[in-house]
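Heads up: the structure comes next, in structure tokens.
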Amino acid sequence: QTGTFTYDPGFTSTASCESGLTYIDGDQGVLLHRGYPIGQLAEQSSFMEVAYLLLNGELPNGQELDKFNSTITRHTMLHEQLATFYRGFRRDAHPMAVMCGVAGALSAFYHDSTDITDPQQRMIASHRLIAKMPTIAAMAYKYSVGQPFLYPDNSLSYTGNFLRMTFGVPAEQYEVNPVVEKALDRIFILHADHEQNASTSTVRLAGSSGANPFACIAAGIACLWGPAHGGANEAALNMLHEIGRPERIPEFIARAKDKNDPFRLMGFGHRVYKNYDPRATVMQKTVREVFESLGVNDPVFEVALRLEELALKDDYFVEKKLFPNVDFYSGVILSAIGFPTTMFTALFALARTVGWVAQWNEMISDPEQKIGRPRQLYTGPTQRDYVPVGQR
Ligand code: SDX
């Protein structure tokens with residue numbers, strides 16, 4: 001018994017790990033970070049508070065939050081030679097390809113924070129990763145559009161700094177829009193951690209061998225890129241644009257139900273949630289707030305709302321318990337803020353870095369942890385003898 005949760009021994013015996021960071025009840029649509037409901041965190045806290053909570057187990061008081069913000073801010077710059085590293089990519093490289101490469105390249109630069117047996121070095125590596133991911137993502141965007149990189153501005157918030165590095169140019173003063181800053185900070189909170197999803201499990205498995213923490217995060221970025229995982233936000237918005245107008249929705253719902261058609265409704269369904277993804281609820285509310293505040297009237301939002309309404313009435317989706325997930329609405333907001341679809345998963349990786357490093361720390365600091373070794377069910381041939389090639 002821990003708090004109000006009871007462990008099903010059967011479940012525990014099949015669980016890949018024990019963790020105290022995030023609790024999901026897929027049937028009830030519940031998501032807690034260290035016991036706090038995601039809706040309360042998204043509405044009332046900041047991404048840096050949630051990062052501190054996931055890393056340290058408690059929400060910070062004012063002094064702790066100021067110190068944490070100051071620590072993260074001091075690590076936002078990249079080594080100058082890493083800026084050169086970007087020159088090796090084609091301009092049309094997908095930002096996730098760039099982020100995966102640059103995050104991995106961090107392992108070639110920060111040798112003073114890779115002794116994973118030293119708690120202090122583990123925390124420095126964690127702070128560096130959380131601090132540098134916005135800089136890496138912003139530089140990936142700037143490189144793709146041929147604009148100069150902007151250095152971090154330490155007078156701005158974590159999210160405001162990212163917005164300026166992404167959309168600012170040296171020739172002009174960049175003013176952070178507080179509505180956009182708050183909406184994006186909330187989106188980062190919604191993407192911070194999500195228990196043992198594919199990319200977090202990748203980071204844990206890579207980290208369980210004692211690998212360089214920066215290289216482990218690069219592995220997580222690679223896994224998140226897939227369209228069945230973090231790539232779904234980009235795919236969901238592309239799908240909404242392809243649908244184009246509400247009259248075409250039945251055609252796409254029919255395709256999603258057709259077993260002979262590989263098409264799936266992107267942003268719908270989840271391995272764990274068999275109820276509404278609580279993050280999608282907050283996301284939909286945030287779309288309305290951003291659109292009203294920025295005076296945006298993007299018909300794609302109407303298509304999304306109508307698609308959700310029709311799908312949730314459809315027997316196939318009801319029977320298979322397919323609900324909108326976190327990726328269904330996120331692209332609509334990110335597009336309204338000005339991000340190209342290719343940057344959507346990069347933003348997911350930026351936010352999920354907090355969960356990855358918190359989960360990595362939890363695993364590495366467990367003295368009992370061993371190298372991961374997933375088991376298999378063998379389905380190949382039984383033993384047989386070799387036949388020389390001349391007799392085959
Ligand atoms: C994320 O794990 C995490 O926590 C991930 C994540 C995180 O924060 O880290 O929450 C982020 O990855 C969210 C999911 C984003 N992906 C998408 O939105 C892509 C579209 N969704 C699907 O591809 C799918 O729903 C998955 C991959 C998310 C889950 O696939 P599963 O495990 O096959 O889903 P399931 O077992 O619940 O499916 C039940 C049935 C299956 O049909 P049958 O085999 O029973 O006939 O529903 C079908 C599926 O084929 N189905 C869909 C569907 N999703 C599942 N049919 C149409 N459209 C869909 N979107």
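The values are calculated or read from the model by the stated rules, or taken from the named source; none is laboratory data. This structure is a prediction, so every number in the text was calculated from the model and none was measured. Here the Cβ is made from the backbone with ideal geometry for all residues, glycine too, and neighbour counts use every protein chain on show. Ligands, DNA and RNA are excluded from the accessible area calculation, which covers all protein heavy atoms including side chains. Shrake-Rupley method; radii C 1.70, N 1.55, O 1.52, S 1.80 Å.
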Legend entry - Which listed pairs, of Lys259/Lys313; Lys257/Lys321; Lys257/Lys285; Lys182/Lys320; Lys67/Lys132; Lys274/Lys313, have C-alpha distances above 24 Å, in listed order: Lys257/Lys285; Lys182/Lys320
Inset, instruction - With a cut-off of 20 Å, note down the residues of the range 204-225 whose backbone N falls inside the zone around a label point 7 Å from the Cα of Ala108 toward its beta carbon. - result: 211-222
Legend entry - Computed label-point distance, nm, for sites Gln44 and Asp92 using a 7 Å Cα→Cβ extension: 5.0
Legend entry - Given charges at beta-carbon only (K, R positive; D, E negative), |dipole| of the range 86-145 in Debye: 340
Inset, instruction - Once you have all Cα-Cα distances for the chain, histogram them in 20 Å bins from zero and send the whole-percent values. - result: 26, 56, 16, 2
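Rounded to the nearest 500, what is the 222 nm mean residue ellipticity of the chain from helices alone, with -39500 (n - 2.57) per DSSP H run of 4+ residues and division by all residues?
-17000 deg cm²/dmol
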Inset, instruction - Determine the distance separating the Cα centre of the range 165-188 from the Cα centre of the range 266-296; give it in Å without decimals. - result: 21
Legend entry - Candidates Thr117, Thr73, Thr341: whichever shows maximal mean-square fluctuation once the chain is modelled as a Gaussian network with Cα springs under 10 Å: Thr117
Legend entry - Point-to-point label distance, Thr84-Ala198, nm (Cα→Cβ direction, 7 Å offset): 3.7
Inset, instruction - For the chain, give the percent of accessible area contributed by carbon and sulfur heavy atoms, probe 1.4 Å, rounded to a whole number. - result: 52
Inset, instruction - Can you find, among Ala349, Tyr386, Pro367, the residue farthest towards the positive end of the dipole of the range 342-392? Put +1 on the C-beta of Lys and Arg, -1 on that of Asp and Glu. - result: Tyr386
Inset, instruction - Please report, in debye to the nearest 20, how large the charge dipole of the chain is about its Cα centre when each Lys and Arg carries +1 at its beta carbon and each Asp and Glu carries -1 there. - result: 1080
Inset, instruction - For the range 70-229, go through all pairs of different Cα atoms, get the mean of 1/r, take its inverse, and jot down that Kirkwood value in Å. - result: 16.5
Inset, instruction - Count charges around Ser209 for me, please; just the other residues with Cβ under 12 Å from its Cβ, Lys/Arg as +1, Asp/Glu as -1. - result: +3
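Taking the highest mean first, how do the peptides 373-382, 261-270, 275-284, 168-177 order by number of other beta carbon atoms within 10 angstrom per residue?
So the order, starting with the most tightly packed, is 275-284, 261-270, 168-177, 373-382.
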Inset, instruction - Report Rg (one decimal) and Dmax (nearest whole number) for the range 42-117, counting Cα atoms only, units Å. - result: 16.3, 45
